[in-house]
Amino acid sequence: MATAKNMSEEMERMLEPYDFELLQDMRPVLEEYWSASYVVVVVYLLLVAMGQNYMKARKGFNLQTPLILWSFSLAIFSILGTVRTWSFMGMLLHKEGPKQTVCFSIFTQNSIIRFWSALFLLSKIIELGDTAFIILRKRPLIFVHWYHHSTVLVYTSFAYKNKVPAGGWFMTMNFGVHAIMYSYYTLRAAKVKCPQKFPMFVTSLQILQMAVGVINSILAYLWRQKQGCHITEKELFWSFILYATYFILFAHFFLRTYIMPKNRAKTKSQ
């Protein structure tokens, strides 16, 4: 098996970066201030509580045009991120097998991944703005929404600093799901009629993403027992806990939103 350095150089030749992906590496700054994510989350949660209290006696804003532009921008960003990161991770998976993509941090040495992983981390701060639209439009703010936004930001910062091996799939899968999710949000904000079951499809993709994350954690644990996996107990623990809780919460949301109403409707009709 090739060394990490040789593999990184080979992948760089096979998948050449664009000029903009070779800009100054933001990793040193983002690694140094990774713990600022805790401060951002605390401020975020305070603003959520303040915003809900402020809107309690007020009528919700329309915000259709800003919401279209917001969702469209995040959709384009996620699509570009999906194309670039999936190209690398797919090639690495094909050439070296799943163990290399789960147990080693080869991806952090690649110019393309360095660029997009930095933007991915910063995007987790920007995506907190999703909650502002929910509050200002006076839509229901469910637990899974703010819990997911908060913990993803902290975990992404932690994984970025520590070069967690499973971070490659964490980022790549998230980009892929968000590309579809924000594209749907854009169409919905623009009042474009979408297939009735499309929201169910989006939630199903989120559940699948969490299931794959849990499987990756289990594989990392099994491979680590044979001393063939460069992931620490701490990294493994938090990766598994977060993916498992996300899976449970999104599955519960799916059942409560799409399955239970149908069962109640059938019962009433009988």
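The values are calculated or read from the model by the stated rules, or taken from the named source; none is laboratory data. Quick caveat, the model's predicted, so the values are computed rather than measured.
In table form, for the structure just shown:
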{"quantity": "Failed item, numbered, when residue 192 is tested on (1) in a helix (DSSP H, G or I); (2) farther than 20 Å from residue 85 by Cα", "calculated": "(1)"}
{"quantity": "Helices (runs of 4 or more DSSP H) enclosed by region 1-107 - at least 2 residues per element that are modelled with pLDDT under 95", "calculated": "4-14, 27-32, 64-96, 98-103"}
